[in-house]
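One structure is given here, and the rest of the page talks about it.
The values are calculated or read from the model by the stated rules, or taken from the named source; none is laboratory data. Keep in mind that what you see is a predicted model, and the values were worked out from it rather than measured. Here Cβ is always computed from backbone atoms with ideal geometry, including for glycine, and neighbour counts include all displayed protein chains. To get the accessible areas, we keep the full protein, side chains included, count just its heavy atoms, and leave off ligands, DNA and RNA. Shrake-Rupley method; radii C 1.70, N 1.55, O 1.52, S 1.80 Å.
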Amino acid sequence: MSDRARLPLWEVFIRPRNGLAHRHVGSVHASDAEMALMAARDVYTRRGEGRSIWVAPASAIAASDPDEKAEMFDPADDKTYRQPTDYHVPEEVGDM
Amino acid sequence: MSDPTLFQYVLGLADDQLVLGHRLSQWTGRAPILEEELALGNIALDLIGQARGLYQYAGALEGAGRDEDALAYHRDARGYLNLTLVEQPNGDFAQTIARQLFYTAMALPFWQAMTASTDQRLAAVAAKAEKETAYHLRHATEWTARLGDGTDESHRRMQAAINQLWAFTGELFEMIAAEAGLAAAGIAPDRKTLRAAWDRTIDATLSDASLTRPDDSWMAEGGRDGLHGEDLGHMLAEMQSLQRMHPGLQW
Amino acid sequence: MYAQGLINASGDPNAAETPEQLARFQARIDAEEKIEARDWMPAAYRKTLIRQISQHAHSEIIGMQPEGNWVTRAPSLRRKASLLAKVQDEGGHGLYLYAAAETLGISREEMQDQLLSGAAKYSSIFNYPTLTWADIGAIGWLVDGAAIMNQIPLCRCSYGPYARAMVRVCKEESFHQRQGYEIMTTLAQGAPEQKAMAQDALNRWWTPSVMMFGPPDTDSVHSDQSMTWKIKRFTNDALRQRFVDATVPQADYLGLTIPDPECKWNDVTQHYDIGPLDWDDFWKVVKGGGPMNRQRIAARQKADDDGAWVREAALAYAAKRSTQQEAAE
Ligand SMILES: [Fe+2]
Ligand SMILES: [Fe+2]
Ligand SMILES: [Fe+2]
């Protein structure tokens, strides 16, 4: 039904001021990467939220399959030996 | 009045930003892309912010107790001292972009030079405006490229806009009588020195966009003397209507 | 990530939904798990969300018009900047919400077509005109106030992309109601003609604002299922009551009168009562019989038509440049 010119969808990632990693914040429609960057700046950093922007065509992002959630993520759940709390340090030793 | 020359000069600068910011705000709800709705709003807000800083300073220079709103809302078109370029109506998106391109290609080197002003308030306004304007110029040049080198229709519209607004670019580099003295005192940039940077930006942008630079012919002038086209009066009548209808009230 | 055209992760949208699938889905909802774009979901859940999110997005976009009507006439530079920033935020909200709906497999363009054709509705409140500057105050105070009541629970909606969009929206909304109330305060404390302007605006916007929460629970069609799916957390009437309870004292502070003689504190319920609402009128306006319905859609259609050549130009340019780049490589 829609015969309009469709501007591609881009996913937007912003690195906040505080030095954390880029985080997905939303999407914009834009004809190309430069326009997507400007749109992302104008839409998602109006309140000083960002210090760096990445945009990626939504179509270029490969995502894990939700049906494979169990095989992808459950195996990590019981490897408690990767957690610091799994180890006992005598109280007298203090913080470690 | 403490400093009439500087007052007039700062008032003219304030009027430039307000009139252009107001014009851009007229796009609200009408932008060609939803994302562009936010882009135009951001630019308008930058300009209105610059205007407010300049009006506040102008009011202080005048020393007659006029605040930013008294200056913005209680002068008619004859009293407005903006460049005639910025008062030109929005037209189609190409005309708005051409107006942005012509103005910001001057404004960026202007504010850059102004950061070195011996006048601390103007240098402070310039430090902020310089960064904002750099982005406005990027926005204008990127769109000029896309419209100039997009479809046949967009090329035709963009070239028409360039041709139509060209006559308002001469005024960008004109010095009013008072301005020469301010430039000599290190307060204001010498507009003639901005011309080379403007030419470079315009030539590079137009050629990148497959657009032709028009020949110089008749150039508009008189904005700094309050001599405007017919559109500004309508714009101000709308903008000032409440203040005029109910004088002396707080809003 | 939000791949276009995606229907559901397991493929065929028409595949019968087994009782086991539905039960597993409901169990996830009950456990307060977020449903994500590619997760399996019942077709009706998807449809409900597309309808609700797109109508919410349309409301934000159409809502730019009544307030945009005063951007060029704001009576001070400070008011002008804050109104412009507010209307711009509403455009942003529309944008976030369209993107959230797009994760469900509908394009922004399709949604816009539905809006323009009248197939999709938007909040009926925006079918009323803004006649005076006080309307800008009343809209920020009442309409944004009602919207916030509605939107805060949506931050916990079961659908992840919608909930996340609403978190951002709610953060931005926080200044909207305050700027509206500040305008009302200034007018209410100003000259007699300003106070009259404020009362007149309250008179016209009160009932439509109270109706923004939708029809009473007794005849709200979509309510029950939406509550079970945790798309909705509170009923229309519960939110409406919360709004009335919050707003009546704010009107008192302004010295303005709520235009409803039956609006009084009820010692028994510990809530404010309000008089009966004319829902026939509400439905008439929703269905196109409001004072501004035609103009709102016509203005949107015009912006869309006027912008078509710009979007085409941007795409043509991108296509040319990517061909040139490929040729150069
Ligand atoms: Fe909003
Ligand atoms: Fe809002
Ligand atoms: Fe809203």
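If I build a Gaussian network model for chain C, linking alpha-carbon pairs within less than 10 angstrom, which residue out of C:Ala138, C:Ala31, C:Ala99 has the largest mean-square fluctuation?
C:Ala31
Over the range B:4-245, calculate the relative contact order: mean separation of alpha carbon pairs under 8 Å at least 6 apart, over the residue count, as a percent.
Details: 332 pairs, mean separation 60.0, N = 242.
Computed value for the range B:4-245: 25 percent relative contact order.
Checking an interface number: how much accessible area is buried between C and A, summed over both chains, with a 1.4 Å probe, in Å² rounded to 100? Can you show the working numbers first?
Values: alone 16720 and 8150 Å², together 22130 Å².
Chain pair C/A: roughly 2700 Å² of buried accessible area.
Among A:Ala56, A:Ala36, A:Ala21, which residue has its Cα furthest toward the positive end of the charge dipole of chain A, with +1 on Lys/Arg Cβ and -1 on Asp/Glu Cβ?
Checking the options against the dipole of chain A, the answer is A:Ala36.
Sorting C:Arg51, C:Arg233 by accessible area (1.4 Å probe), largest first, what list results? It would help to have the intermediate numbers written out before the result.
Numbers: C:Arg51 85, C:Arg233 50 Å².
Largest to smallest exposure gives the sequence C:Arg51, C:Arg233.
Determine the order of B:Arg244, B:Arg200 by accessible area, beginning with the largest, at a probe radius of 1.4 Å. Each step should come with its number before you reach the end.
Working: B:Arg244 110, B:Arg200 160 Å².
So the residues, ranked largest to smallest area, are B:Arg200, B:Arg244.
Just the accessible area per residue of the protein assembly as shown, please: how many Å² with a 1.4 Å probe?
Numbers: 28800 Å² over 676 residues.
Accessible surface, normalised per residue, equals 43 Å².
Need one value for B:62-70: mean number of C-beta atoms belonging to other chains within 10 Å of its residues' C-beta atoms. Mind dumping the intermediate values first?
Numbers: counts 0, 0, 0, 0, 0, 2, 3, 6, 0.
Per residue, the average neighbour count from other chains is 1.
Return the subset of A:Lys79/C:Lys230; A:Lys79/C:Lys171; C:Lys34/C:Lys121; A:Lys79/C:Lys232 for which the Cα-Cα distance in this structure is over 31 Å, preserving the input order. Write out the running numbers ahead of the final one.
Working: A:Lys79/C:Lys230 33 Å; A:Lys79/C:Lys171 38 Å; C:Lys34/C:Lys121 27 Å; A:Lys79/C:Lys232 37 Å.
Over 31 Å Cα-Cα: A:Lys79/C:Lys230; A:Lys79/C:Lys171; A:Lys79/C:Lys232.
With a 1.4 Å probe on protein heavy atoms only, work out how much accessible surface C and B bury together, total over both chains, in Å² to the nearest 100. Could the numbers behind the result be given before it?
Numbers: alone 16720 and 11520 Å², together 24290 Å².
For C against B, buried area totals roughly 4000 Å².
What FRET efficiency comes out for the pair A:Ala33/B:Arg195, r = Cβ-Cβ distance, R0 = 30 Å, nearest 0.05?
Values: r = 33 Å, r/R0 = 1.11.
E(calc), rounded to 0.05, equals 0.35.
222 nm [θ] for the protein assembly as shown, helices only, -39500 (n - 2.57) per DSSP H run of 4+, per residue, to 500?
-18500 deg cm²/dmol
Could you state the angle between the C-alpha long axis of helix C:77-102 and the longest principal axis of the C-alpha atoms of chain C, as a value from 0 to 90 degrees rounded to the nearest 10?
Once rounded, one gets 40 degrees.
Lys/Arg Cβ at +1, Asp/Glu Cβ at -1, dipole of the protein assembly as shown taken about the Cα centre: which of C:Gln270, C:Tyr122, B:Ala64 is farthest positive-ward?
It is B:Ala64.
May I ask for the angle, rounded to the nearest 10°, between helix C:19-30 and the longest principal axis of chain C, with both axes built from Cα atoms and the value confined to 0 to 90°?
Long axis of C:19-30 versus the principal axis of chain C: about 50 degrees.
When the dipole is taken about the Cα centre of chain C, and only Lys, Arg (+1) and Asp, Glu (-1) are charged at their Cβ, what size is it in debye, to the nearest 20? Walk me through the intermediate numbers first.
Values: 36 positive and 42 negative charges, 138 e Å.
Approximately 660 debye in magnitude.
In peptide C:296-302, what is the residue-averaged number of other protein chain Cβ atoms found within 10 Å of each Cβ?
Details: counts 1, 0, 0, 2, 2, 0, 2.
The mean count of partner-chain Cβ atoms within 10 Å per residue comes to 1.
Less than 17 Å from a label point 7 Å out along the Cα-to-Cβ axis of C:Arg78: which backbone N atoms in the range B:230-251 qualify, by residue?
Under cut-off, by backbone N: B:243, B:248-251.
State the Cα centre-to-centre distance between the range B:136-170 and the range C:230-300 in whole Å.
48
Only Cα pairs under 8 Å and at least 6 apart count here; give the relative contact order of chain C as a rounded whole percent. Could you put the intermediate results ahead of the total?
Values: 369 pairs, mean separation 57.8, N = 329.
Relative contact order comes out at 18 percent.
Heavy atoms only, 1.4 Å probe, whole protein assembly: order A:Arg41, C:Arg164 by accessible area, highest first.
On the way: A:Arg41 75, C:Arg164 120 Å².
Largest accessible area first, the list is C:Arg164, A:Arg41.
Taking chain C as the reference, fit the longest principal axis to its C-alpha atoms, fit the long axis of helix C:236-254 to the helix C-alpha atoms, and give the angle between the two in degrees, 0 to 90, nearest 10.
Orientation of helix C:236-254: about 40 degrees from the principal axis.
Which one, B:Val125, B:Leu83, B:Leu38, is farthest towards the positive end of the dipole of chain B when Lys and Arg carry +1 and Asp and Glu -1 on their Cβ?
Projecting each Cα onto the dipole axis, the largest value belongs to B:Val125.
Tell me which residues come under 5 Å, amide H to amide H, from A:Gly26 once H is placed; ignore anything under 5 positions away on its chain.
A:Val12
Using a basic spin-label model with each label point 7 Å from the Cα along Cα→Cβ, how many nm lie between A:Lys79 and B:Asp203?
Distance between label points: 6.2 nm.
Roughly how crowded by other chains is peptide A:55-63, in terms of the mean Cβ count from those chains within 10 Å of each of its Cβ atoms? Intermediate values should be presented prior to the final figure.
On the way: counts 0, 1, 0, 7, 4, 1, 3, 2, 7.
Mean partner shielding for this stretch: 3.
Would you work out the charge dipole size for the range A:3-93 about its Cα centre, treating the Cβ of every Lys and Arg as +1 and the Cβ of every Asp and Glu as -1, and quote it to the nearest 20 debye?
On the way: 12 positive and 16 negative charges, 172 e Å.
That gives a dipole near 820 debye.
Just to confirm my numbers, what's the Cα centroid distance between the range C:118-136 and the range B:33-111 in Å?
So the separation of the two Cα centres works out to 30 Å.
Filter B:Lys131/C:Lys80; B:Lys131/C:Lys320; C:Lys195/C:Lys284 down to the pairs with a C-alpha to C-alpha distance above 27 Å, please. Intermediate results must be reported in sequence, preceding the final value.
Numbers: B:Lys131/C:Lys80 22 Å; B:Lys131/C:Lys320 31 Å; C:Lys195/C:Lys284 31 Å.
Correct reply: B:Lys131/C:Lys320; C:Lys195/C:Lys284.
Using a probe of 1.4 angstrom, how much of the accessible area of the protein assembly as shown is carbon and sulfur, in percent?
Working: 15530 of 28800 Å².
The nonpolar share, carbon plus sulfur, comes to 54 percent.
Under the rule of at least 5 residues apart or a separate chain, name every residue whose amide H is placed under 5 Å from the amide H of C:Ile35.
For C:Ile35, the qualifying residues are C:Tyr159, C:Gly160.
Counting protein heavy atoms only and a 1.4 angstrom probe, how many square angstrom of accessible surface do chains B and A bury in total, to the nearest 100?
By this definition, chains B and A bury close to 1200 Å².
So, with +1 on the Cβ of K and R and -1 on the Cβ of D and E, and no other charges, what is the size of the charge dipole of the protein assembly as shown about its Cα centre, to the nearest 20 debye?
Numbers: 69 positive and 94 negative charges, 142 e Å.
Charge dipole of the protein assembly as shown: 680 debye, to the nearest 20.
If I take R0 = 41 Å and measure r between the Cβ atoms of B:Glu153 and A:Glu68 in this structure, what FRET efficiency does the formula 1/(1 + (r/R0)^6) give, to the nearest 0.05? Walk me through the numbers before you get to the answer.
Working: r = 48 Å, r/R0 = 1.17.
E(calc), rounded to 0.05, equals 0.30.
Could you tell me the relative contact order of the range A:3-93? Use alpha-carbon pairs under 8 Å, at least six residues apart, and round to a whole percent. Don't jump to the answer; show the numbers that get you there.
Values: 100 pairs, mean separation 24.6, N = 91.
Relative contact order here is 27 percent.
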